Amino acid sequence: MYTLELGESRGRDMREDVDFLSPIESERLKIRKPKQVAAGIPGVAKSFAIGLSEAGLSRTLRTMRTVNRFDGYDCPGCAWPDPDDHRSGFEFCENGAKAFATEATKKRLTPEILSSKSVQSWSKMSDMELDKLGRLTEPMVLRENSNHYERISWTDAFGMISEAVGALEDPNQAVLYTSGRASNEAAFLWGTLARQIGTNNLPDCSNMCHESSGVALSQSIGIGKGTVKLDCFEHADLVLIIGQNPGTNHPRMLSALAQTKRNGGSVISINPLMETGLNRFKHPQEVIRLMGKGTPIADAHYPVRIGGDQALLQGVSKVILEEGNLDWKFIDEHVQGFEDWKRNTESLNWESIVNQSGIEHQRIVELGQAVSKSKNLIICWAMGITQHENAVATIQEASNILLAGGHFGRPGAGACPVRGHSNVQGDRTVGINHHPSESFLAACEQYTGVDMPRDSGYDTVEFVHAARKKSVKLFMALGGNILSAMSDTESVAQGLRNIDLTVQISTKLNRSHLITGKQALILPCLGRTEIDPAGFVTVENSMGVVHSSTGKLQPASKSLRSEPSIVSGIGEACFGDTPFSWTKYGSNHDETRNLIESVLPGFTDYNQRVRQKGGFYLPNGPRDGPTWNTPSGKATMHVHRFPERAISEDRFILMTIRSHDQYNTTIYGMDDRYRGVYNARRVVMMNPQDMHKLGLHPSDYIDLTSHFNERTIDSPKWKVVPYEIPRGNLAAYFPEANVLIPLESVAKGSNTPTSKWVEVSVVPRKH
């Protein structure tokens with residue numbers, strides 16, 4: 001285990017015992033049968049219940065009526081798109097309701113309350129309890145020789161940051177992290193601020209999730225995004241859902257899948273766990289379907305072994321070639337690398353494919369035949385694919401399959417990486433990128449007057465390594481909870497503690513406010529639901545639509561500032577208004593959009609088009625042409641061999657998952673009702689046969705130890721839950737299980753933490 005180095009300041013010593021993990025408590029675990037139907041009346045009831053408890057009746061109804069409307073605010077939950085031409089009466093899902101209800105909460109974490117306890121005391125509370133404290137209302141500072149936050153003015157807070165920037169010996173000692181909930185306007189200004197400081201150290205949440213998708217797709221089809229529109233699901237005859245749990249993580253996607261089924265298409269689930277949302281779905285806004293049996297979603301489920309997706313997809317490719325039902329005209333006109341891919345695929349051994357995937361040969365043949373016959377195929381994926389060592393290779397095999405069938409450039413077909421944060425894709429589009437292109441930097445330089453650094457910056461993993469080496473002096477976060485979101489929680493905590501000043505722009509308290517640098521600032525910002533005096537902001541959804549978001553509620557405090565205003569305030573304090581007019585852009589979002597339009601292609605008439613109903617689509621070559629922004633001008637089939645990994649019989653492969661009562665690192669409740677787990681989060685799902693082999697019974701305690709090269713990480717006291725999961729595989733909730741993921745274990749090509757492949761040993765314990 002890593003240990004903190006000696007010789008740190010008195011202030012650091014005072015806070016050394018702050019808990020970097022949510023406390024291990026005695027949870028009252030109850031295990032029931034997993035639900036067979038998603039959403040329905042229980043989903044409606046839950047949506048209203050959390051709203052009433054947090055925001056009250058009036059604010060609940062107001063937020064429900066305005067969320068995802070043409071003139072309303074964008075849900076701060078996932079990035080699933082809304083229909084282009086209409087909105088239903090209530091355009092949200094249960095988990096979206098949790099997100100905006102808890103943001104609209106009536107509870108307030110005032111300076112008096114926050115300063116009344118030490119950070120040690122606050123850290124004894126669970127992550128859920130911290131969130132339920134309510135909205136932050138004023139800027140707060142944690143000084144070097146204190147363990148209590150105290151009130152600070154905005155002017156003095158910005159002055160502290162300016163002093164920290166001025167004290168940097170090297171601009172690369174500064175790191176600016178971005179959450180996927182930041183607006184396009186805030187993100188563009190944030191990137192400009194980083195580059196005026198002189199660094200491209202812009203790690204973001206995408207580094208931890210869909211970075212693998214961006215890398216893989218950019219190399220294959222010339223764009224790091226999906227290539228479908230929402231209405232494509234109405235035209236698809238086959239949709240593959242791989243490594244994704246839409247019922248919990250993207251619930252509104254179930255409506256699109258239900259439409260696929262009603263139009264005669266098929267849906268196939270590929271995942272170690274059979275998830276309720278892909279079993280049967282009752283639309284929460286359709287009374288008739290609420291009262292009925294619901295719509296069956298998945299026609300077939302393939303319980304692939306954790307990490308076996310690439311082998312399974314290459315088995316599918318093998319069947320496709322054997323069937324010979326390829327789009328030869330499309331391949332000839334648009335694809336390079338086909339012959340190499342064909343030779344590699346044909347050479348693969350069926351026994352190895354079956355062993356690595358855990359799927360019987362005949363079932364793979366059936367899947368391959370279904371894909372081969374498809375005229376309009378969509379392949380969807382999420383974290384279950386992107387967070388593996390071979391994630392880039394797996395995604396490129398999915399792209400190979402789509403290219404072989406010509407599934408680009410027509411309705412009902414294409415690639416669909418499903419994004420988790422509401423604007424994580426938009427943030428990347430407007431410049432949150434640790435290795436930006438020369439064309440982007442040149443345009444920024446031209447229109448901002450700021451000299452742009454050219455060297456690549458840190459991603460999230462590289463940031464933690466640098467912080468642990470004491471190479472980071474200033475860390476600022478535009479939202480998020482990096483401590484809990486990242487792998488290897490203890491290493492992240494050690495890195496943060498080494499930093500001189502950490503700054504968090506936030507709506508609520510989380511654990512990243514408690515594990516801090518020598519000094520720390522909390523800068524409270526407006527939420528997505530609240531009125532911004534500078535006007536509306538914009539976001540980009542999973543399918544490349546840029547649209548407006550207009551808050552309707554009065555701010556939680558008169559002291560709150562919008563994210564763009566905060567960023568501009570920092571910029572003005574550090575650099576004044578020359579050469580870049582920070583004051584101008586902090587007070588008028590139209591001006592920021594005019595600047596984005598000048599810098600980025602695809603944003604022509606930004607302010608005019610975004611005021612149209614539903615906004616506008618950004619250009620997408622594979623979807624709109626197809627055309628390919630690659631060196632050759634063609635799409636590329638990439639050749640990979642799937643890894644043949646063997647572990648000892650006494651070891652397991654663990655993957656992290658979300659419960660139904662959480663969104664990313666935010667915990668709303670202790671239940672995961674779809675999976676039948678109640679009143680507990682520190683649980684491990686295990687195949688009953690594996691439990692029997694170890695002499696375990698439901699709710700028994702176990703200790704886990706992860707293994708990576710020569711390093712081990714111990715995590716004690718987990719309860720076992722019997723579940724339908726392949727033998728040798730385990731599942732546990734994050735952020736609790738993040739501590740087990742070694743920082744050094746990352747995806748090849750993208751450097752994404754391997755949260756879905758953690759080799760662990762299991763030791764039963766009495767209590």
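So the values come out like this:
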read-out	value
Test for Y723: is it in contact with a strand residue (DSSP E or B) (Cβ under 6 Å, 6 or more places away or on another chain) and buried (at least 22 other Cβ atoms within 10 Å of the Cβ)	yes
Scope the range 502-518; condition closer than 15 Å to A467 by Cβ and surrounded by fewer than 24 Cβ atoms within 10 Å (Cβ to Cβ); matching residues	K518
Any hit, the range 152-161, residues being outside any helix (DSSP H, G or I) and more than 24 Å from the chain's Cα centre (by Cα)	yes
Filter result for S506 (within 14 Å of L478 (Cβ to Cβ), free of Cβ contacts under 8 Å to residues at least 40 places away in the same chain and not aromatic (F, W, Y))	no
Output for the range 25-42, where each listed residue is touching a strand residue (DSSP E or B) at 6+ places or on another chain (Cβ under 8 Å) and either in a helix (DSSP H, G or I) or at pLDDT below 80 (or both)	Q36, V37, A38, A39, G40, I41
Filter result for R727 (more than 20 Å from P246 (Cα to Cα), modelled with pLDDT of 95 or more and in contact with a helix residue (DSSP H, G or I) (Cβ under 8 Å, 6 or more places away or on another chain))	yes
Among (1) under 22 Å from M691 (Cα atoms); (2) in contact with a Ser or Thr (Cβ under 6 Å, 6 or more places away or on another chain); (3) at pLDDT below 90 - the single one T665 does not satisfy	(1)
The lone exception for Q494 - which of (1) buried (at least 24 other Cβ atoms within 10 Å of the Cβ); (2) assigned to a helix (DSSP H, G or I) it fails	(1)
Scope the range 582-626; condition hydroxyl-bearing (S, T, Y) and in contact (Cβ under 8 Å) with a residue 12 or more places away in the chain; matching residues	T583, Y585, S587, T592, S598, Y606, Y617
Residue that is among the polar types (S, T, N, Q), assigned by TED's automatic domain parsing to the domain that holds I566 and touching a Leu at 6+ places or on another chain (Cβ under 7 Å), where the choices are T578, T592	T592
Candidates M128, M64, filtered to the one that is out of contact with any His (no Cβ under 8 Å at 6 or more places or on another chain), modelled with pLDDT of 90 or more and among the aliphatic types (A, V, I, L, M)	M128
In the range 435-456, the residues that are in a loop (DSSP other than H, G, I, E, B) and either touching a His at 6+ places or on another chain (Cβ under 6 Å) or of a type in the set (D, E, K, R) (or both)	D451, R454, D455, S456
Unmet requirement for H640, which otherwise passes all of (1) in contact with a strand residue (DSSP E or B) (Cβ under 7 Å, 6 or more places away or on another chain); (2) closer than 30 Å to E759 by Cα; (3) at pLDDT 95 or above	(1)
Inter-residue pairs, beta-carbon under 7 Å, first in a helix (DSSP H, G or I) and in the range 188-209, second of a type in the set (D, E, K, R), 6+ apart	S206/R428; N207/D459
Residues (at pLDDT below 75, among the aliphatic types (A, V, I, L, M) and crowded, with 24+ Cβ neighbours inside 10 Å) located in the range 252-291	L278
Any hit, the range 534-556, residues being surrounded by fewer than 24 Cβ atoms within 10 Å (Cβ to Cβ), touching a helix residue (DSSP H, G or I) at 6+ places or on another chain (Cβ under 6 Å) and closer than 28 Å to T502 by Cβ	yes
Unmet requirement for M128, which otherwise passes all of (1) part of a helix (DSSP H, G or I); (2) touching a strand residue (DSSP E or B) at 6+ places or on another chain (Cβ under 6 Å); (3) crowded, with 24+ Cβ neighbours inside 10 Å	(3)
All positions within the range 419-475 that are touching a helix residue (DSSP H, G or I) at 6+ places or on another chain (Cβ under 7 Å), surrounded by fewer than 19 Cβ atoms within 10 Å (Cβ to Cβ) and farther than 19 Å from T192 by Cβ	S471
Hits in the range 493-535 (condition: of a type outside the set (A, V, I, L, M), more than 21 Å from the chain's Cα centre (by Cα) and under 25 Å from E169 (Cα atoms))	Q494, G495, R497, N498, D500, T502, T516, G517, K518, Q519
Qualifying residue in the range 357-369 (condition: hydroxyl-bearing (S, T, Y), closer than 27 Å to C232 by Cβ and part of a helix (DSSP H, G or I))	no
Matching entry among E530, E572 (being over 24 Å from E144 (Cβ atoms) and touching a Gly at 6+ places or on another chain (Cβ under 6 Å))	E530
Residues satisfying the stated conditions in the range 337-371, i.e. of a type outside the set (A, V, I, L, M, F, W, C) and crowded, with 22+ Cβ neighbours inside 10 Å	T345, Q356, S357, G368
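The values are calculated or read from the model by the stated rules, or taken from the named source; none is laboratory data. As the structure is a computational prediction, the values presented were derived from the model and not from experiment. Please note: Cβ atoms are built from the backbone with ideal geometry, for glycine as well, and neighbour counts cover all protein chains shown.
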